[in-house]
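One structure is given here, and the rest of the page talks about it.
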Amino acid sequence: MAAGPTDSPDDPFLRPQWADPEAVPAGRVRALMSTRQGGAGQPPFDTCNLAADPLDPAVAENRRRFAQALGATPRWLNQVHGATVLRLGASPTTGPREADASISTVAGVGCTVFAADCLPVLFCVDGALGVGAAHAGWRGLAGGVLEATVQALCLAAGQAPRAVQAWLGPCIGPNAFEVGADVLQAFGRAPDPCDDAHFRWRPRPDGSARWHADLPGLARHRLQQAGVSRISGGQWCTVSEPSRFFSFRRDRGSPGSATGRMAAAIALLDA
């Protein structure tokens, strides 16, 4: 997909282009995803690391800038690669917030997820009736985090899945995401030495069984099965653009295996 107003090299944020933008009232919804750019950090967290890493004192400033760009209060989650979805209200949740997705029907609340190879997915209900965000690594995706988010969002907004659209952010791409038989089995696939729609057989030189997995493709399939047909985004690979995106898999061989985290968020705004 060609770069456009939502994917400008001069903007430190990606701004989702919805499949059906007319269903998202202007000025009622704001969504964005951070990149490595526009922050205050130093290597290896340069520049816009948003994770609460004690080695990076610039996180607080980066979060301030992120919140300012969002125009709402981001609600940070303790992500555990599961399928738990939190419904966020006007008051901050007390205690640990272990979840990999959140939804809200309240203005000023930013549903927010971290990512650095896993797939961030943002959701919006037509007419700005509700929003949501999900962190979909392969474990969460296989465990149903996207389906759970759609279900929770539809319940909160009183709408059917056909009223929901989704945007897929940057993640590890299908040419870089090497997986083993356990991942295929998690998705109900037999680990056969052949290709299918979402897994390509790519054994290592020593003959070890490996496949390349299409994480955005798997997400689109799961969303479509859940009744969400309007899906956009998903064309960026975090591994292949080191100047733009953090990537855990790419950077884990660096000194200290240190890498930052990006964030994707969506919020309803006051009318």
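The values are calculated or read from the model by the stated rules, or taken from the named source; none is laboratory data. Treat the numbers as computed from the prediction; the structure is a model and nothing was measured. No Cβ is skipped: glycine too gets one built from the backbone with ideal geometry, and neighbour counts run over all protein chains shown. Note: areas computed on protein heavy atoms with side chains; ligands, DNA, RNA excluded. Shrake-Rupley method; radii C 1.70, N 1.55, O 1.52, S 1.80 Å.
Residues of the stretch 199-241 that are in contact with an Asp or Glu (Cβ under 6 Å, 6 or more places away or on another chain), assigned to a strand (DSSP E or B) and closer than 30 Å to ALA23 by Cα: ARG230 alone. Identify all residues within the stretch 178-217 that are among the aromatic types (Phe, Trp, Tyr) and either without any contact (Cβ under 8 Å) to a residue 40 or more places away in the chain or out of contact with any His (no Cβ under 8 Å at 6 or more places or on another chain) (or both); write none if there are none. The answer is PHE199, TRP201, TRP211.
Of all the criteria given as (1) part of a strand (DSSP E or B); (2) open to solvent by 20 Å² or more (accessible area, probe 1.4 Å), the one not satisfied by ALA267 is (2).
Residues are listed down the side, and each one gets a yes or a no for (1) of a type in the set (S, T, N, Q); (2) more than 24 Å from GLY217 (Cβ to Cβ):
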| site | (1), (2) |
| --- | --- |
| GLU98 | no, yes |
| THR105 | yes, yes |
| ALA115 | no, no |
| GLY143 | no, no |
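Filtered by the rule that a residue be surrounded by 15 or more Cβ atoms within 10 Å (Cβ to Cβ) and free of Cβ contacts under 8 Å to residues at least 60 places away in the same chain, the stretch 218-238 gives ARG220, HIS221. Among the residues making up the stretch 9-27, a single one is under 19 Å from the mean Cα position of the chain (by Cα) and either among the polar types (S, T, N, Q) or at pLDDT below 65 (or both): GLN17.
Checking the conditions here, which among ALA157, ALA152 is more than 21 Å from the chain's Cα centre (by Cα), surrounded by 15 or more Cβ atoms within 10 Å (Cβ to Cβ) and of a type in the set (Gly, Ala, Ser)? Write out each step before concluding.
On the way: ALA152 fails: more than 21 Å from the chain's Cα centre (by Cα).
The unique qualifying residue is ALA157.
Mind listing whichever residues of the stretch 80-98 are buried (at least 21 other Cβ atoms within 10 Å of the Cβ) and not β-branched (Val, Ile, Thr)? If the condition is that a residue be buried (at least 21 other Cβ atoms within 10 Å of the Cβ) and not β-branched (Val, Ile, Thr), then ALA83, LEU88 are the ones that fit. Go through ALA181, ALA163, ALA263, ALA176 for me and flag whichever is modelled with pLDDT of 95 or more and touching a helix residue (DSSP H, G or I) at 6+ places or on another chain (Cβ under 6 Å). Selected residue: ALA163, the only one of ALA181, ALA163, ALA263, ALA176 that is modelled with pLDDT of 95 or more and touching a helix residue (DSSP H, G or I) at 6+ places or on another chain (Cβ under 6 Å).
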